[in-house]
2 protein chains.
Amino acid sequence: MKLYDYPYSSAAYRVRIALNLKGQTVEAVPVDLREGRQCSADYHALNPTGLVPSLDTGEGLLGQSLAIIEYLDERFPEPPLLPAGAFARARARSLALQVACDIHPLNNLRVRQYLERELGASEEQKLAWYHHWLRLGLDALERQLAGSGSLFCCGDTPGLADICLVPQLYNARRFGLDLAPYPRLVAIDTACQRLEAFANAHPDHRRSDE
Amino acid sequence: MKLYDYPYSSAAYRVRIALNLKGQTVEAVPVDLREGRQCSADYHALNPTGLVPSLDTGEGLLGQSLAIIEYLDERFPEPPLLPAGAFARARARSLALQVACDIHPLNNLRVRQYLERELGASEEQKLAWYHHWLRLGLDALERQLAGSGSLFCCGDTPGLADICLVPQLYNARRFGLDLAPYPRLVAIDTACQRLEAFANAHPDHRRSDE
């Protein structure tokens, strides 16, 4: 398989973690977002959304990190990335979607560029926007997870919700959000970072193929 | 089951379609977004994200429309809302997520309110924003679906991708987007609207329990 990847893409970071958890090695094809490579005709011919990541599965190309991760979980069932039971699975998906729908799309590069170029937002206004949606989302996640004593979001093995949370907290730190109000989320992040699958997917990790 | 619902919430509209396709009748609890009821302490105690819809499943409360729909699909397998085979399922999820992550979160009410209140965006600027993300998303969907001759997004039975597409096209019309560049999407929408499950979930449908 081939992953169209960019180290600082939060969605690509999710897929790298999932591939590592599944023990799958893929060929990495860099798509440099700073240089606008995702907007090239070549990349659009592969993935018409012009978004990163894409996974060339061998059966065809897939976009959308959560769809890719569910695909990996169905094709390589061990270790499972979702718990057993319809309700527990849905709860894990709900936590993941709170990151993937309610925080990340509002804060990604193309949106910050629009705010600046089309609406004349200042650096300060862009940062306030970024922190606003982050805080709303993280506040809700902290409240939902605070009660449980488990190591990860949904039990004592890492899964889909953790895969979405960790890159979002990486972004939160990168953009200077104070994480003191989120002790439970930070504890889950710390537990994840101890695992090779997460550590090796980190944007700052120097991958052997580079 | 109990659905915390609002007719004009695009995410709630998705869940109403899915419930109808599954033949499930639920108690509807209105949460009036115009009156800000989603921000009440009562609703936040149920769903800390303060977003609509929520489904009280009997096993617990679920938020996030896509997680709810996957739950319904696992709990009530017939008729299936996802095709057979890991790749086909992932492709259907990818189309759905293109609506749920890349279009809808950028255009919902709370974001338009932020643009106006915090960034001083005019009505014209808010509409340009709305159309911008819609067009980007619909352009990509049209290109991915144009080639196939199937009745719905993923074959000849309606499923997850159609469930996300139809409410998004409803919003596109509501906000005056010209749909002429999207003949394939409009044809899929027309096929869906012929089905009772879709027609009865429509925001303008006068439900018998009202």
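Among the residues making up the range B:84-135, those that are within 22 Å of residue A:107 (Cβ to Cβ) and in a loop (DSSP other than H, G, I, E, B) are B:103, B:108, B:120, B:121. Considering only residues in the range B:151-210 that are polar (S, T, N, Q) and in a loop (DSSP other than H, G, I, E, B), the one that is modelled with the lowest pLDDT turns out to be B:208.
What is the residue count in the range B:57-78 for residues that are within 16 Å of residue B:14 (Cα to Cα), touching a Lys or Arg at 6+ places or on another chain (Cβ under 9 Å) and either at the interface with chain A (Cβ under 8 Å from one of its Cβ atoms) or surrounded by fewer than 20 Cβ atoms within 10 Å (Cβ to Cβ) (or both)?
Keep residues of the range B:57-78 that are within 16 Å of residue B:14 (Cα to Cα), which gives B:62-73.
Subset that is touching a Lys or Arg at 6+ places or on another chain (Cβ under 9 Å): B:62, B:64-73.
Restricting the remaining residues to those that are either at the interface with chain A (Cβ under 8 Å from one of its Cβ atoms) or surrounded by fewer than 20 Cβ atoms within 10 Å (Cβ to Cβ) (or both) gives B:62, B:64, B:66-68, B:70-71.
Of the residues in the range B:57-78, 7 are within 16 Å of residue B:14 (Cα to Cα), touching a Lys or Arg at 6+ places or on another chain (Cβ under 9 Å) and either at the interface with chain A (Cβ under 8 Å from one of its Cβ atoms) or surrounded by fewer than 20 Cβ atoms within 10 Å (Cβ to Cβ) (or both).
For the range B:11-48, residues that are at pLDDT below 95 and either crowded, with 24+ Cβ neighbours inside 10 Å or assigned by TED's automatic domain parsing to the domain that holds residue B:108 (or both) total 1.
Of the listed requirements (1) within 13 Å of chain B (Cβ to nearest Cβ); (2) in contact with an Asp or Glu (Cβ under 8 Å, 6 or more places away or on another chain); (3) buried (at least 16 other Cβ atoms within 10 Å of the Cβ), residue A:128 misses just one: (3). Of all residues in the range A:90-117, exactly one satisfies the criterion of being open to solvent by 30 Å² or more (accessible area, probe 1.4 Å) and either facing chain B (nearest Cβ under 7 Å) or touching a strand residue (DSSP E or B) at 6+ places or on another chain (Cβ under 8 Å) (or both), namely A:91.
The values are calculated or read from the model by the stated rules, or taken from the named source; none is laboratory data. Nothing here was measured: the structure is a model prediction, and the numbers come from that model. Counting neighbours? That spans all protein chains shown, and the Cβs are built from the backbone with ideal geometry, glycine included. For the accessible areas, the whole protein counts, side chains as well, though only heavy atoms, and no ligand, DNA or RNA atoms are used. Shrake-Rupley method; radii C 1.70, N 1.55, O 1.52, S 1.80 Å.
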